[in-house]
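As structure tokens, the structure follows; a few thoughts come after it.
The values are calculated or read from the model by the stated rules, or taken from the named source; none is laboratory data. Computed from a prediction, not measured in an experiment: that's the story for all the values here. Because the Cβ atoms are built from the backbone with ideal geometry, glycine has one as well, and the counts that use them run over all protein chains shown.
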Amino acid sequence: MSLVSMNEILPAARKAGRAIGAFNAANYETAVAIIKAAEAEKSPVILQLYSRLFGNGKAEALGGLLIRLAEKCSQPVAVHMDHGESIEQVRNALSWGYTSVMLDGSRLPFAENVAVTSEAVALAHAVGASAEGEIGHVAMGDATALSDVEETCRFAAATKVDALAVSIGTAHGYYKQTPKLDLELCRQIGERLPGLPLVLHGGTGTPLEDVQKAITLGITKINIATEFQHTFLKAVQADLEAANGNFIPVDKFMDAPIERCAEHLRKLIRAFALR
Ligand code: 13P
């Protein structure tokens, strides 16, 4: 049984100077690929779902599956709500057994972000779960508001978050231009908050070399969604074309895309562990 919160995974990783992959699943197949990769690499992993799925009923049904997969995995697995939009979503996620939640108040004024994030942290801690917050704003597309060092430190102290997403130059989704990480900003935040696992959102398309430098400066959780889900879709498309109109039962058909996605994630897990 290895369903855990992020607190059983991230502080030790931060101490060891490595990072853990947090991959966004969206269905059975992507969730199984994540677990298979963790098993094969003998590495902890964070299985997360977009908050969109918490608003449309999918996260409740999928939650049971994710939790069962985590319990059966030989490696520590946290089941996490990514970018929670409201306290109601936090309450729902915790009541469905998610072991970790993010409340994303990064578009709110500072005081409101502190207030709503603190409430999420208290709710999570009351049931032994972990909580992530965000300061500065990692946007969709290329417009991003970098974190401010002083504000980041005040936010961490006031909210007592277990993991803190910082904005150091990444954005969600594919980039039009290769992003340039502000590693000096990352270094300053990492030095001021030596025990706190920092989170890098927008992993897709961010040069791995820069990600690895950021890991040495305190980034401990790397979020990957777009490129992983696209890897799955492209594998399905290629295999469907190869089947040439012949019917293959869905469960059998999906085995190969799952394997290819797991192989892809294994490389990322190794890279984040600086192996
Ligand atoms: P990408 O889709 O850019 O990989 O970002 C993932 C993410 O940060 C999820 O919160």
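Residue-level analysis places LEU123 among those that are of a type outside the set (D, E, K, R), away from the ligand (no atom under 16 Å from the Cβ) and either under 20 Å from GLU60 (Cα atoms) or out of contact with any helix residue (DSSP H, G or I) (no Cβ under 7 Å at 6 or more places or on another chain) (or both).
Can you pull out every residue in the stretch 146-168 that is of a type in the set (Lys, Arg) and either on the phi < 0 side of the Ramachandran plot or outside any loop (DSSP other than H, G, I, E, B) (or both)?
ARG154
From the residues in the stretch 1-59 that are basic (Lys, Arg) and not in a helix (DSSP H, G or I), which one is farthest from the ligand (Cβ to nearest atom)?
Initially, the stretch 1-59 is screened for residues basic (Lys, Arg), giving 14-15, 18, 36, 42, 52, 58.
With the extra rule that they be not in a helix (DSSP H, G or I), the set shrinks to 18, 42.
Details: ARG18: 19, LYS42: 24 Å.
Per the stated criteria, the residue is LYS42.
So, in the stretch 224-245, how many residues would count as being within 16 Å of the ligand (Cβ to nearest atom) and in contact with a Pro (Cβ under 7 Å, 6 or more places away or on another chain)? Here the count works out to 1.
Restricting attention to the stretch 124-142, and to residues there that are modelled with pLDDT of 95 or more, buried (at least 24 other Cβ atoms within 10 Å of the Cβ) and not small (Gly, Ala, Ser), which single residue is farthest from the chain's Cα centre (by Cα)? Checked the stretch 124-142; the qualifying residue farthest from the chain's Cα centre (by Cα) is ILE135. When LYS180, LYS221, LYS176, LYS213 are checked against the criterion of being more than 9 Å from the ligand (Cβ to nearest atom), at negative phi and in contact with a strand residue (DSSP E or B) (Cβ under 6 Å, 6 or more places away or on another chain), a single residue qualifies: LYS221. Candidates in the stretch 42-83 are the residues that are polar (S, T, N, Q) and in contact (Cβ under 8 Å) with a residue 24 or more places away in the chain; of these, the one that is farthest from GLU263 (Cα to Cα) is SER51.
Sub-7 Å Cβ pairs linking a first residue in the stretch 221-244 that is without any contact (Cβ under 8 Å) to a residue 40 or more places away in the chain to a second residue that is within 15 Å of the ligand (Cβ to nearest atom) and assigned to a helix (DSSP H, G or I), at least 6 apart or interchain, are THR231/CYS261; THR231/HIS264; ALA235/CYS261, ordered by first then second residue. Before we move on, is SER95 of a type in the set (Ser, Thr, Tyr) and either modelled with pLDDT under 95 or surrounded by fewer than 20 Cβ atoms within 10 Å (Cβ to Cβ) (or both)? Here the answer is yes, as SER95 does meet what is asked.
For the stretch 4-41, filtering for residues that are over 30 Å from VAL250 (Cβ atoms), surrounded by 20 or more Cβ atoms within 10 Å (Cβ to Cβ) and free of Cβ contacts under 8 Å to residues at least 40 places away in the same chain leaves 0. Residues that are touching a residue at least 40 places away in the same chain (Cβ under 8 Å) and in a loop (DSSP other than H, G, I, E, B) were ranked within the stretch 184-202; the one that is surrounded by the fewest Cβ atoms within 10 Å (Cβ to Cβ) is GLY195.
For the stretch 99-116, taking the residues that are buried (at least 18 other Cβ atoms within 10 Å of the Cβ) and away from the ligand (no atom under 16 Å from the Cβ), the one that is nearest to the chain's Cα centre (by Cα) is identified as THR99.
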